[in-house]
Amino acid sequence: MTEIVLMSGSIRDGSYNSAVVATLRRLVDARFDGVRTTVVHPAELPFYDQDMDAANGSEAVLRMRNRVAAADVLVISTPSYNGAAPGVLKNALDWLSRPYGESCLDGRIVAVTSASPGPRGAVDAQPGLVEVLGHAGALVVDHPPVAVANAEELLTEGGEFEDPATLDALEGLLRAALAAAREAEPSLAA
């Protein structure tokens, strides 16, 4: 069974990026045999503190590290706050990248997407996020940016996306991430 961990970089109720995560989860369930998803929540983590980390962090930190370490793929959907990923997401990545030399992100396949109510879909936050992931040793999926623009207009009452263009783009990103995971670990191809 292939494992995908999904993470929204937004903690807001009604978040467009959490809607992307919900849509990804639905897509996996409907279109990908032998793949299951887990959602992790950056808001559950305390602010990064090296002293706390030296004492093995918190239960929430250990739980998230274990989930990401056990996954074949991590997919992150980020908003753009002043042109960058939000602090809560950066904080989660700081926890996941530690302790030094033991990052659960090191060698992990990671796909990045974004969403916003604006016409650019928060695409401006993706390069900085990719850079942080690269510093943490993640293997970011080589794929054209997937950014859900005008998300407010596309969001259904059920809190997900159903328009064909968004679904196709998200499915393409998932397929690229799974292909990268199979390439990195040939046993996943079975």
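Side notes on the structure shown:
- Selection status of SER8, surrounded by 16 or more Cβ atoms within 10 Å (Cβ to Cβ), among the hydroxyl-bearing types (Ser, Thr, Tyr) and modelled with pLDDT under 95: no
- Given (1) out of contact with any helix residue (DSSP H, G or I) (no Cβ under 8 Å at 6 or more places or on another chain); (2) under 22 Å from SER97 (Cα atoms); (3) not hydroxyl-bearing (Ser, Thr, Tyr), index of the condition GLU44 fails: (1)
- Failed condition for LEU24, given (1) assigned to a helix (DSSP H, G or I); (2) surrounded by fewer than 20 Cβ atoms within 10 Å (Cβ to Cβ); (3) not β-branched (Val, Ile, Thr): (2)
- Among the residues listed as ALA177, ALA189, the single one being of a type in the set (A, V, I, L, M, F, W, C) and either under 29 Å from ASP94 (Cβ atoms) or at pLDDT 95 or above (or both): ALA177
- Test for ARG36: is it out of contact with any Ser or Thr (no Cβ under 9 Å at 6 or more places or on another chain) and open to solvent by 30 Å² or more (accessible area, probe 1.4 Å): no
- Residue check for SER80: touching a helix residue (DSSP H, G or I) at 6+ places or on another chain (Cβ under 7 Å), closer than 27 Å to ASP163 by Cβ, of a type outside the set (A, V, I, L, M) and in contact (Cβ under 8 Å) with a residue 24 or more places away in the chain: yes
The values are calculated or read from the model by the stated rules, or taken from the named source; none is laboratory data. Nothing here was measured: the structure is a model prediction, and the numbers come from that model. Because the Cβ atoms are built from the backbone with ideal geometry, glycine has one as well, and the counts that use them run over all protein chains shown. Calculation scope for accessible area: heavy atoms of the full protein, side chains included, ligands and nucleic acids excluded. Shrake-Rupley method; radii C 1.70, N 1.55, O 1.52, S 1.80 Å.
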